[in-house]
Amino acid sequence: MTTSEIHGIQHTCFVAQIFNDTTLFFSRSTPNLATVIPAMDHIDEMLTTQSQDLNFKPSICTALSIAKKTLNYYNKTDHSEVYQIAMGELRLNLKSTS
């Protein structure tokens, strides 16, 4: 096995570990929105950073970019009122109707 192949395997294992840790964390109990969202944000941040890491092979960066695009579909909840309530960010705009 070449050094390049070993580095590729190490990078793949590093990325897979994030998903494994998340799976194990949520398997321990019933997750709620306030715990799921920060975990998704952490995965999103990791995918962003790692997909731009020049130390990774281009094939790994491409796979990470595709995974990030998939995750961005789920991150559309960031603008929902449920998300904002769960994260303590809801700002009510109460207008007088009179």
Open item on the list: Restricting to segment 11-27, and then to whatever is of a type in the set (S, T, N, Q) and under 11 Å from Met46 (Cβ atoms), can you tell me which residue is nearest to the chain's Cα centre (by Cα)?
Closed with: Thr22
- [ ] Scan segment 34-75 residue by residue and report those that are over 14 Å from Cys13 (Cα atoms), surrounded by 13 or more Cβ atoms within 10 Å (Cβ to Cβ) and hydrophobic (A, V, I, L, M, F, W, C).
- [x] Val36, Ile37, Ala39, Met40, Ile43, Ala67, Leu71
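Values quoted throughout were computed directly from the atomic coordinates according to the rules given, and no laboratory measurement underlies them. Predicted model only: the values in this text are computed from it and were never measured. Note: ideal-geometry Cβ built from the backbone for every residue, glycine included; neighbour counts use all protein chains shown.
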